[in-house]
Structures are given as structure tokens and as C-alpha cells.
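Below you'll find the structure, written out as C-alpha cells, and then a few comments.
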Amino acid sequence: MRQIDCAYLLTGAGVQNHQTIEVDGDRIHSVRACTQASKPRLLAMPALVNAHDHGRAVRTSSIDASGKPLEAWLQYLALFPSVDPYLAAAVSLGNSALGGSGVVMMHYTRAQGFTDLPTEVAEVARAARDVGVRVGFAVSMKDRNPIGYGPPEPLLDALPQDARDEIIRRFVRPPLAPNDYIKLVEDVAAAADSPTFNVQYGPNGVQWCSDALLEAVADASALSGRRIHMHLLETRYQRGYLDQLYGGDVVKFLDSIGLLSPRLTLAHCVWTRPDELELLAARGVTISTNSSSNLKLRSGVAPVAKMFSCGCRVAMGIDGGALDDDDDMLRELRLTHLLHLGSGFTPKVNENDMLSAAAATGRLSVTNSTDGGDIAPGATADLLLLDYDALDDDRIRDDIDPVNLIFARATARHIHELIVAGRTVVRDGRVLGIDLEAARREVVLRMRAGQPAMASFATALSHLDRAVSEHMERQFSCS
């Protein structure tokens, strides 16, 4: 049995001083008063949950995609050459662990494609086991609008012939039928699902999925209990397009087909209205807000304070686009809090809500279980230990609330140890289960080697950027 002596313990009930956590296997055995001081002083809190991400091994700024609105940025992801799925997943999940996330959602919207998907996902699951994090894995599902929103012809017709041919070759292909998508998810689950790797339905978004596909997902989820992970209303262009398509009632449409339930997680919801948030809350849907990503992709600022006031279940994700491109979940926690705190003396959100969003609520979204997210006897031993001596390096006062320092300055550099299911995953800035630096070097080398073959595609993208910009503003802009 391992004993962890903590100067501070952060639980759902608040901060406790001088506590010892006893860990037996993958569970917390007991929490009791500490008899000796730890060196360094440690602050223990639940491991953080990255409730929305995509498993990218390399930062999108490295392919010159930064600063672009989502509708242009998406096509740039095809500049990433395919690499070994185990290595890519190991790098991505290792980076998440270094940032404090012991539980990670992976909406797998770009497969590497060397094998069939179930075989590939089994390799992703192996990487997750080696790194040591819990993973929710949503199988990408998309059967309409391969480029932009609506028929692709207006965008394709705006391109020079060479660029048009290149874009068609890259993006326009026959989709699977709805029932085939459902079978694919079950095949992936048979190959990779486990207590620490939860396979889910992953419709990419209403704008990319036919009504028939969404209905098939809703029915399959109701029968199987399998979770659903989907984007919704991330940008104003999506709002404009879906308002045209569903008469302003896209959320009511999703409710009418049975998609809205406690089994559903929706990423973003930046452009949701208050009445829609009330309906999502009534149905027990979880919303993953992704502040850094929304800022970097010019999507806007989600109405997080309104989500809380409506009673929504709010989780927090990084979406592959943390503020400093570093998967730092502690910094994401602070940014989200500051963005939605409001002005003056009456805060619109509070620290407890933010901590729950970052460490507790998203666990159901990722693992399909409410186990964990707190430090208490019997709970799963998923712990984040911060070096409090480094966090409070000034040590001017000894009566400062540690929560205030977390929200003022905590980042990944303050992480002493990340523990998942009783296993040390990260200690002192190093992932113990894999050689992360070697894996990253191999991935980057393969990415570099694949770039010469991307030259004609990169040229085509510059033409597509202009066409997408003009089309979106003309057809779907809303305020």
C-alpha cells in the first residue's frame, strides 16, 4: 500500500490540510490526517479530464494552419502524412498526460489508414495502455458535406482546374451507409474496448451527418447504452447553415430523433441560444467547452456562465489547440475561468464549478462511468500531485487559499506526479510508460519526409481558402 503525504488535499468538499492518501491497487483505501510533512510540499487534486480532443501528434501550427477560421483550417489537417498509429497515439496521449490529463477523449476524425480501422484502433488502445491514461474513443462518422456546408459544387467551381482536381481527390469520396457505420463502431469495440478504453459513436457534427445517420446513431445508442460524442454549433457559419436547414430548431430536431440524452456529449456549443441550453440541460447532455481552441479558430466565446445557470453539465477540453500548443490542462482551467468570470464584484462562474468541469463532469463523457473525480475512500486512484513549493515559491504568507494559487498560476511545470488507477504515469516532467521523446522524433521525421508529396495540395489549399471565405460569408454568416 502506498502512502502519499500531502500539505493540501483538494476534494469536492474543499481544501483539507495535512492529509495522507493511502492507495491500495487502483483504489484510494483511506484519507486521514497526516503525521509528517512531505518534501516537497504536495497539493493533491483529482486527475484532470480532457473531455474533447482528437489525438493529433503534431501541432497544427507546424503546418501553417494557425490563425485560420475552422472552415478553412479543417482542410489543412490533410497536410499531415499518415504515420504509425501507435506512435501517433503515444505522442498525443503522452503530451496530454504531461499536461495533467489522466482521462482523455479522442474523437478520431483522421485515421492513419494503413489497415482496417479496428486493427488501427487496437494499436491506439495499446498506446493508451502503455502511456497509462484512460481514453474515450469516438469513431468518426460523416456522410454529407465533404467540403464546407451544402453541396460542394459552388466551392469546387471557384477553383482552378488543377486545384479542383486535387481537392476532389483528397476529400470527395462515397461515404458509408448509416448501418455500415454502426457496424464499424461495433467492430472497433470488439477489437479495442476495455474498462480503460471506451469506444463510442462519433458523428462529426449535424452539418456533416445526414438525418438518417443521426437517427441510426440515436437508435443504436438507446439499444446498446454506448455513448455518443459530437460537435455542435461551433461557429457562426454552422449556426447559419443549420438554421437554414432546420428552420432555427436544430437542437429540437436532435431531441425529436432521441439523440439528446445523458449518453450524449456535445463539443463547443459556442453559438447555442439560452432556450437550447435549457433543453440540453433538461435532457442531461454534457457540453465540453474548449476555450483555447475556440479563440484560436475564431469561433467565438462559448456562453459557459449561461450553461451553468441553465443547469447544464459542463466539462472542459483542449481540442488539440491549447493556448500555447502544449496540452496544458491547468492553463486551460485558468483561461476558461478568466474568460467567463465577468466583471465587477459578482462573479458569473466560481472556482468550484470550474474544478468540477475540469476534473469530474467529463469523466462520464470519456469513460461512460461516474467513478472518480474526487479524492475519497473507495474512489479510483486518479490523482494529480502538484509541487506546492514550486507553486508558492514566494512563500510570503502561509494563509493563502491554495485554490487561489491554482487559478492564479498553476501550469504543467508544477506537476510533480500524475497517477491513474494507482499507477504513476508522469513524474517530474517525464512519461514513465513510453519513451515520449523518441516517439515524437520518429513521428516528426516521418511528417517531414512526407511534405514534398504535399506540394500540389498545399497550392490547392491557398485557392480553397479564398473560395471558402467568400462562400461562408455570402451564404451562412450570422451575428
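The values are calculated or read from the model by the stated rules, or taken from the named source; none is laboratory data. All of these numbers come straight from a predicted model, not from anything done at the bench. Cβ placement follows ideal geometry from the backbone for every residue including glycine, while neighbour counts extend to all protein chains displayed. Surface accessibility is based on the protein's heavy atoms, side chains included, excluding ligands, DNA and RNA. Shrake-Rupley method; radii C 1.70, N 1.55, O 1.52, S 1.80 Å.
Quick notes on this structure:
- Centre separation in Å (Cα based) which lies between the stretch 327-349 and the stretch 230-265: 27 Å
- Cut-off under 5 Å, modelled amide H: who pairs with THR11 long-range: GLN16
- For the stretch 364-394 versus the stretch 404-429, the gap between their alpha-carbon centres in whole angstrom: 9 Å
- Cleavage-rule hits, trypsin sites (Lys or Arg not before Pro), the stretch 412-444, DSSP coil, Cβ neighbours within 10 Å at most 10: none
- Between HIS231 and GLY205, ALA267, the built amide H atoms are under 5 Å apart, and every one of these is 5 or more places off in sequence or on another chain.
- Phi-derived couplings, Karplus 6.51 cos²θ - 1.76 cosθ + 1.60 at θ = phi - 60°, listed residue by residue for the stretch 285-298: 6, 9, 10, 9, 8, 9, 4, 4, 4, 4, 5, 5, 9, 6 Hz, with x used for Gly and Pro.
- Under the span-like rule (Cα at least 18 Å along the axis, Kyte-Doolittle mean at least -0.5), DSSP H helices of the chain: 85-98, 117-131, 178-192, 211-224, 436-450, 455-475
- A 1.4 Å probe run over the chain, with the rest of the protein chains in place, finds 39 Å² accessible per residue.
- Shape of the stretch 334-428, Cα gyration tensor, a/c cut at 1.5: oblate
- Rolled with a 1.4 Å probe across the full set of protein chains, the surface gives ILE168 an accessible area near 60 Å².
- The stretch 4-91, accessible surface, carbon-and-sulfur percent (1.4 angstrom probe): 48 percent
- A simple rule links phi to the HN-Hα coupling: the Karplus curve 6.51 cos²θ - 1.76 cosθ + 1.60 with θ = phi - 60°, which for the stretch 100-114 gives x, 8, x, 9, 9, 8, 10, 8, 8, 7, 9, 6, 6, x, 6 Hz, with x for Gly and Pro.
- Solvent-accessible area of the stretch 178-288 (1.4 angstrom probe, protein heavy atoms only): carbon and sulfur portion equals 52 percent.
- Distance between modelled label sites at ASP275 and ILE257, nm, 7 Å Cα→Cβ extension: 2.1 nm
- Cross-link check: pairs LYS39/LYS306; LYS68/LYS142; LYS142/LYS306; LYS142/LYS348; LYS183/LYS306; LYS68/LYS348 evaluated at a Cα-Cα cut-off of 32 Å; pairs beyond the cut-off: LYS39/LYS306; LYS142/LYS348; LYS183/LYS306.
- Note on VAL270: accessible area is roughly 10 Å² with a 1.4 Å probe, heavy atoms of protein only.
- Under-5 Å amide H pairs with LYS348, H placed in peptide plane, nonlocal only: GLY342
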